[in-house]
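Engineer: The structure that follows is given in the form of structure tokens.
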Amino acid sequence: MNIIAIDIGNTNIRIGLFLDGEEQFIRSIGGDSPETIAQCLVEAWEQVPVAVASRQAQRDGVIVISSVKPVWTQMVETLAEQRLGEKCLVIGRDIPLP
């Protein structure tokens, strides 16, 4: 499974890329740096492989967010939509908690 995992805290946003379950990188970025966050998301998404059966070059991955700061969650979701054309799954909203 290919995942961009995003952990939004009160001061930093951590972005991790996992390809086939293997950690590729984890970066910590200040939440007040939307352009740096966007660049990191683009860099990560470009490494996610295109799905084998995709006729429209859809990438075979998901973006998942856990967050304690709704304002930054909205910012990251907007960046992902604008820069990547992708929707994020938010834990507790789109993915139920156990």
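The values are calculated or read from the model by the stated rules, or taken from the named source; none is laboratory data. From a predicted model like this one, the values you see are computed outputs, not experimental measurements. Here Cβ is always computed from backbone atoms with ideal geometry, including for glycine, and neighbour counts include all displayed protein chains.
Engineer: Identify all residues within the range 48-98 that are hydroxyl-bearing (Ser, Thr, Tyr) and within 23 Å of ILE26 (Cβ to Cβ); write none if there are none.
Structural biologist: The answer is SER66, SER67, THR73, THR78.
So that you can scan it fast, the table gives a plain yes or no per residue for (1) in a loop (DSSP other than H, G, I, E, B); (2) touching a Phe, Trp or Tyr at 6+ places or on another chain (Cβ under 8 Å); (3) under 25 Å from LEU97 (Cβ atoms):
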| site | (1), (2), (3) |
| --- | --- |
| ILE6 | no, no, yes |
| ASN10 | yes, no, yes |
| PHE18 | no, no, yes |
| THR36 | no, no, no |
| ALA53 | yes, no, no |
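Engineer: I'd like the residue in the range 24-80 that is in contact (Cβ under 8 Å) with a residue 60 or more places away in the chain and surrounded by fewer than 16 Cβ atoms within 10 Å (Cβ to Cβ) and, out of all such residues, is farthest from GLY92 (Cα to Cα).
Structural biologist: Checked the range 24-80; the qualifying residue farthest from GLY92 (Cα to Cα) is LYS69.
Engineer: Next question, about the same structure. Please count how many residues of the range 33-73 are farther than 14 Å from ILE4 by Cα and modelled with pLDDT under 95.
Structural biologist: Residues flagged as farther than 14 Å from ILE4 by Cα and modelled with pLDDT under 95 within the range 33-73 amount to 9.
Engineer: From ARG27, ARG93, ARG83, which residue is touching a Leu at 6+ places or on another chain (Cβ under 7 Å) and among the charged types (D, E, K, R)?
Structural biologist: ARG83
Engineer: Also, quick follow-up: When the range 42-86 is examined, which residues are found to be farther than 26 Å from THR11 by Cβ and either charged (D, E, K, R) or within 10 Å of the chain's Cα centre (by Cα) (or both)?
Structural biologist: Across the range 42-86, the qualifying residues are GLU46, ARG55, ARG59, ASP60, GLY61.
Engineer: For the range 79-98, which residues satisfy the criterion of being under 13 Å from ILE6 (Cβ atoms) and part of a helix (DSSP H, G or I)?
Structural biologist: Across the range 79-98, the qualifying residues are LEU79, ALA80, LEU84.
Engineer: Taking the condition of being surrounded by fewer than 18 Cβ atoms within 10 Å (Cβ to Cβ) and either in contact with a Ser or Thr (Cβ under 7 Å, 6 or more places away or on another chain) or aliphatic (A, V, I, L, M) (or both), how many residues in the range 4-23 meet it?
Structural biologist: Number satisfying all stated conditions: 4.
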